[in-house]
Structures are given as C-alpha cells and as structure tokens.
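J.: Below is one structure. I have some questions about it.
The values are calculated or read from the model by the stated rules, or taken from the named source; none is laboratory data. Here the structure is a predicted model, which is why all the values come from computation and not from measurement. Don't worry about glycine lacking a Cβ; one is built from the backbone with ideal geometry, like all the others, and counts go over all protein chains shown.
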Amino acid sequence: MRLLLFLLFPFLCCFSQNQYPKDYFRSPMNIPLFSSGTFGELRGNHFHSGLDYKTQQRIGLPVFAVADGYISRIKVSTFGYGHALYITHPNGFTTVYGHLSAYEGKIREYVKKRQYTQKKFEVEFFPTAAELPVVKGDLVAFSGNTGGSGGPHLHFEYRDTKTEKTLNPLLFGLNQELVDTKAPSVNSIVAYSVSDDAVVNASQRPIVIALSLQKDGTYLAGKIAAKGDIAFALDAYDTSDNNYSKNGVYKVETFLNGTKLYGYQFDAFSFDESRYINNFIDYERYKRTKQRYQKLFYKNSYPFSIISGNAKNGQISVKDGDNFTYRIEVSDFNNNKTIINIPIAYSGLEAKYLREDVKTPYFIKASNDHNYTRDNISVFIPANAFYDDFYLNFDVKDNVLDLHDDTVPAHNNITITFDVSGIPNLDQKKTFIARMDGAKAEYFTTTRKGNLVSIKTKDLGKFLLMTDTAGPRIYKPNFATGSTIDKLDTISVYIQDDLSGIKEYNGYLNGKWILMKYDYKTKLLVHDLSDMIYDEGRNDLKIIVSDNIGNSTTFETHFFRNLKTTPLEKNN
C-alpha cells in the first residue's frame, strides 16, 4: 500500500522555493551529528554539496532511509562518492548517501547481480520505484571510506528531484541535531587595489590587514588609507559545539556606512556551477599559500547563483575626502555572528609597492577566442575559458610547452595540440600528452588524428609528450602460491601503475569472471570468497590489469580450498 500511494501521489507534499519540511525526514544515522564538512564548504575545484557525518573514525555504522521512497540510483565508483545510493521521496526531494562501505542485504545482492552480469566493479543503474522501495527508518547501507573520501564518514545530501539542485541539509531541520552556539572564527582579511589607480596602505599589491579583538567580541582593523577602487577577501571558518573540525561558513554580508554592499549565503546551487569556486576565492593566493580566501567582490560578473542577488560588485570607490566604515558580518546557520569593522579614509599618497604584473606579447582578453602556435605545438583558448583578462606566458622549447602556471584558473577546456610528424621513432599508440605537477607527470586522455595528438585541459603549466610502454604492477598477494586458504575470507593483490594510471582490472577463478573491488587509495584489489565462485580443491586465479595507454599485465597463481562453506554455515 505504501508503494501504491507513492506511485499515485508523487506530489503529495509541495513546497515553495524557500520552504522546506523541518520534521518530514529523520537523521540518516543513529549517532550524534558532528560535521566534518558543511554545505558550500570550499573544496578543490568545487563547493561541498552536502553534510559530512563523522562516524567516530569507524567504518560499518548503520545508515537509514530518512523517509519513505524508493532507491532511484545506485553508483559504485572508484572515485567520487565511491559506493553511493540515491533515494527519491514523494515530496519532491531526493537524498544522497555517499562513501558507503556496503549496501544492506537485498540492495547488496541487487548490485552484485548486475556487477556479475556486466562483469564490472564500477557500475551505475537506475532502479524503478517498484524494484527497491524503502520505508522511513529502513537500514539501507553502512558507512565507509570509499571513493574520494579522506577518512571514514557519511556524505549526505538533499536535492530537488526535478531540478537536481543540491540543497543545504540544515534547511530540513538537521540544525536541531547539530548543536552550535559558537560564532565563526576569522583568520585574516586581505585588501586589494582593484582599479589601475588604486592604492591601499601604500601598496598596489594585495596586503593582509591586521585585526584586533575588541571587548564586545568584534574585530577592528587598523585604519585603511586608500584611493581608487578597492576590495576585500576573507579567510574564516566555523565550528560547532564539542567539534574540532573547521567547517565552511554559511553566510557573509558586507556593509558600507551601514548600507548593505555585498553578500551571499549557501542554501542551494547547481552542480554545473560548482567550478565557479575558482573565481569565488582568491585562486592565486590559494595556489601559493593553500589558504582559501573567499572574495567579497568580483571584477567581472559571472553567472553563479550564490552571488546573483547582489546589485553591486562589492568594490569600494574611495575618492578625495571620503571616510567609510566597512563592516563584514560572518554568520553560521544558527545566526551566531562575527563582526569585523574596517575604517577606510582617502589618502593621495602614491604606492611604494607596485604591482608585479609582467606584460607579455600574449594578452588574453577573456571574452575572445585565442589561438597560439609555436614550432610543432598549438594552443586554442575559447572565449570565456578564463574569468579575467591577463598576460599569458607562452613558450615552446625542445618539444616542451610552458603555458603560464597553475595560479590562473580556467573555467572551460582549452585544447593543446602537438604535431608529432617531425619526431622520429615515436610510438604514437603509446604516447600521450602529460602535464608536469612538480616532478610528477599527470596523464591526460590524448586523442589522435593523423600526426596530431591533442588534449583538453582546464589546467595551465608545463606540457610534454611522454611514452608509456610498461604495464601495471601486480604484487603482494595475501596468500602463497599453492597454499590452502580455508581460513581466508578474501583474496587480494596490490596493483599500481606509475605513469598513465590504472584503467581496467579483471579477475578469473578457473576461467570464470569474479568481482574484484578496487580502492585506489590503498591500491588494493580484493575478491570476497563469499561470492562462492571457487571450487573445492585446486583453484586457478588469473588477474589482468590494464593502464590507460593499453599496456596490460597478467598475474597467475593457484590455491587450494577444501571446504565450500556458505557464509551462514561459517558463522555457525
């Protein structure tokens, strides 16, 4: 009956754009909520799209359906969310559960059946409402550390089912479980001279502004002497009670002489907006210092919904005779607030510290296409690949392309092409374009058309041709060849490829394909013997691993197993 009602009344509960049910959903876990990551938190190339539950540094804690619905998507990936599932609810929302260690029994068997059918560990499919219905409180999975997770936790999201926008989980009442009486903390403020004639405290370069804590809990900056168009950026974080994690802040507003100038708060955004983080922060400072300063302004407008409500660009025009009080308010979801006051006064003094801009023959006007060629290498930059105009460093020497450096972020792909017709004895099938990240080569999928090889990339830096003729390593099995492994629950090996990277892995027992789970963080490839693929007596194991260029390595061994024991019999 529950399923029938679900199918007949998909719009049983409707909510306006800014109205969310506060008591419709339960928590996905039966442990206190301590967050290791909050919605909108600043991450590498993206904003965090959910709430991370700390799982007491443990793997395998129960995860529950937060409301009635059905499992509408299951994805098993080596990267990203790892083992993930999605539950669609009849009130217009979908919940997402990521980095899981395992699925609950019937869901696990549903997934495994399809993995064996497709002969793939990494799978994705979309069950119908009739296949995997769930009731609020049903056990659906167990917490883990799979995919791109940096430690055991549950990644949990709410999404608008129709638009697929990701929504702040605290809007749905989880703020009542996250005890937070602490105001956000401020590390530092940076001031910028934005216009060509601007100066801040005798500098045209970005400068850190000293702050002093006042008796009333606010911060006061030393007086800013400036002229021209100036702006600021903020390095801040938020904590909750009994929680040491430094999480992202929810809301920031700025005021000039009491009038709101700029602001944003993290309630919702689309996934195709997430890369705008590289313009939202001071990207160059981040690449140089690893500190993420969120800018309280923009130079050129860009279509990011979080900042779309601002009528002004957040900059302050300081003219002769001006005196301003610039106020920054940083708030968490529970409206705990930290205030920074910055006095600003006009000064006609010239700059002692000039900009460090280096002019080159290659000026990038962000709104235009650009195409540069030197020797056998060409670079095509489409319009709006970059956020701002800048002078590009472009040079080619000994078949190595120096394309600026990674302190300038690209939003869209640029195309790099090498003409390899003049390179003797080159094995094109084994050659790819790599980017050097320090001493490490980063593989890029390389396309070939005649004598031209190309990649698409959003990164700048040093690019060169590399050849990969070595297959992956397969090593350190957890049993000795010819041994009896009655006491083992799994068989495993480590796999590694140091150049183009692992692409595919397949295992076979006595000629039959077996499911092998891969964790790129540990390099471990594991088969669970409870799948009951093995024979009594001798078993021949073959593992074939291929890299992204097509090199492959085969590992063969054998073992003995005397008892074909089912998991139930073994537990008894």
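J.: Select the strands (runs of 3 or more DSSP E) contained entirely in segment 180-292, then report the ones holding at least 3 residues which are within 27 Å of Asp389 (Cβ to Cβ). Show your work before the answer.
T.: Details: elements: 185-193, 207-209, 211-213, 219-221, 224-237, 251-256, 259-265.
Counting at least 3 such residues, we get 185-193, 207-209, 224-237, 251-256, 259-265.
J.: Return the residues of segment 174-207 that are of a type outside the set (Val, Ile, Thr) and over 29 Å from the mean Cα position of the chain (by Cα); say none if nothing qualifies.
T.: Of everything in segment 174-207, those that are of a type outside the set (Val, Ile, Thr) and over 29 Å from the mean Cα position of the chain (by Cα) turn out to be Ser193, Ser195, Asp196, Asp197, Ala198, Asn201, Ala202, Ser203, Gln204, Arg205.
J.: Could you please find all residues in segment 478-525 being aromatic (Phe, Trp, Tyr) and in contact (Cβ under 8 Å) with a residue 40 or more places away in the chain? Write out each step before concluding.
T.: Within segment 478-525, the subset aromatic (Phe, Trp, Tyr) is 479, 494, 505, 508, 513, 518, 520.
Matches in segment 478-525: Phe479, Tyr505, Trp513, Tyr518, Tyr520.
J.: Would you point out the residue of segment 330-361, among those that are part of a strand (DSSP E or B) and surrounded by fewer than 18 Cβ atoms within 10 Å (Cβ to Cβ), that is modelled with the lowest pLDDT?
T.: Among them, the one singled out is Tyr353.
Yes or no, residue by residue, for (1) crowded, with 18+ Cβ neighbours inside 10 Å; (2) assigned to a loop (DSSP other than H, G, I, E, B); (3) out of contact with any strand residue (DSSP E or B) (no Cβ under 9 Å at 6 or more places or on another chain):
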| site | (1), (2), (3) |
| --- | --- |
| Ile474 | yes, no, no |
| Leu488 | no, yes, no |
| Leu499 | yes, yes, no |
| Gly507 | yes, no, no |
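J.: So in segment 59-85, with the set limited to residues that are assigned to a strand (DSSP E or B) and either of a type in the set (Gly, Ala, Ser) or free of Cβ contacts under 8 Å to residues at least 40 places away in the same chain (or both), which one is surrounded by the fewest Cβ atoms within 10 Å (Cβ to Cβ)?
T.: Step one: list which residues in segment 59-85 are assigned to a strand (DSSP E or B), which gives 62-64, 69-76, 83-85.
Then drop every residue that is not either of a type in the set (Gly, Ala, Ser) or free of Cβ contacts under 8 Å to residues at least 40 places away in the same chain (or both), which leaves 69, 72, 84.
Working: Gly69: 27, Ser72: 18, Ala84: 23.
For segment 59-85, the residue satisfying everything is Ser72.
Per-residue answers, yes or no, for (1) outside the structural domain of Phe380 (by TED's automatic domain parsing); (2) out of contact with any Leu (no Cβ under 6 Å at 6 or more places or on another chain); (3) within 20 Å of Phe394 (Cβ to Cβ); (4) in a loop (DSSP other than H, G, I, E, B):
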position	(1), (2), (3), (4)
Ile423	no, yes, no, yes
Lys429	no, yes, no, no
Met436	no, yes, yes, no
Glu442	no, yes, yes, no
Ser454	no, yes, yes, no
Phe463	no, no, yes, no
Thr481	yes, yes, no, yes
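J.: Separate question: Go through (1) surrounded by fewer than 17 Cβ atoms within 10 Å (Cβ to Cβ); (2) assigned to a strand (DSSP E or B); (3) polar (S, T, N, Q) for Thr95 and report which single condition fails.
T.: The failed condition is (1).
J.: Step by step: first the residues of segment 254-292, then only those that are among the charged types (D, E, K, R) and either assigned by TED's automatic domain parsing to the domain that holds Gly438 or over 21 Å from His48 (Cβ atoms) (or both), then the one that is surrounded by the fewest Cβ atoms within 10 Å (Cβ to Cβ). Which residue is that?
T.: Taking the candidates together, the pick is Arg288.
J.: Determine, yes or no, whether Ile549 is crowded, with 18+ Cβ neighbours inside 10 Å, modelled with pLDDT of 95 or more, more than 31 Å from the chain's Cα centre (by Cα) and assigned by TED's automatic domain parsing to the domain that holds Phe479.
T.: Values: crowded, with 18+ Cβ neighbours inside 10 Å: yes; modelled with pLDDT of 95 or more: yes; more than 31 Å from the chain's Cα centre (by Cα): no; assigned by TED's automatic domain parsing to the domain that holds Phe479: yes.
So Ile549 does not fit the description; no.
J.: Considering segment 304-329 alone, what residues qualify as being in a strand (DSSP E or B) and either surrounded by fewer than 21 Cβ atoms within 10 Å (Cβ to Cβ) or of a type outside the set (Phe, Trp, Tyr) (or both)?
T.: Result: Ile316, Ser317, Val318, Asn323, Phe324, Thr325, Arg327, Ile328, Glu329.
J.: For Asp52, work out the one condition from (1) touching a residue at least 24 places away in the same chain (Cβ under 8 Å); (2) farther than 27 Å from Thr128 by Cα; (3) assigned to a loop (DSSP other than H, G, I, E, B) it doesn't fulfil.
T.: Against the list (1) touching a residue at least 24 places away in the same chain (Cβ under 8 Å); (2) farther than 27 Å from Thr128 by Cα; (3) assigned to a loop (DSSP other than H, G, I, E, B), Asp52 comes up short only on (3).
J.: Can you tell me which residue is nearest to Ser530 (Cα to Cα) among those in segment 450-488 that are in contact with a helix residue (DSSP H, G or I) (Cβ under 7 Å, 6 or more places away or on another chain) and among the polar types (S, T, N, Q)?
T.: Thr469
J.: Quick one: which of Ile495, Ile533 is at pLDDT 95 or above, in contact with a Lys or Arg (Cβ under 7 Å, 6 or more places away or on another chain), outside any strand (DSSP E or B) and among the aliphatic types (A, V, I, L, M)?
T.: Ile533
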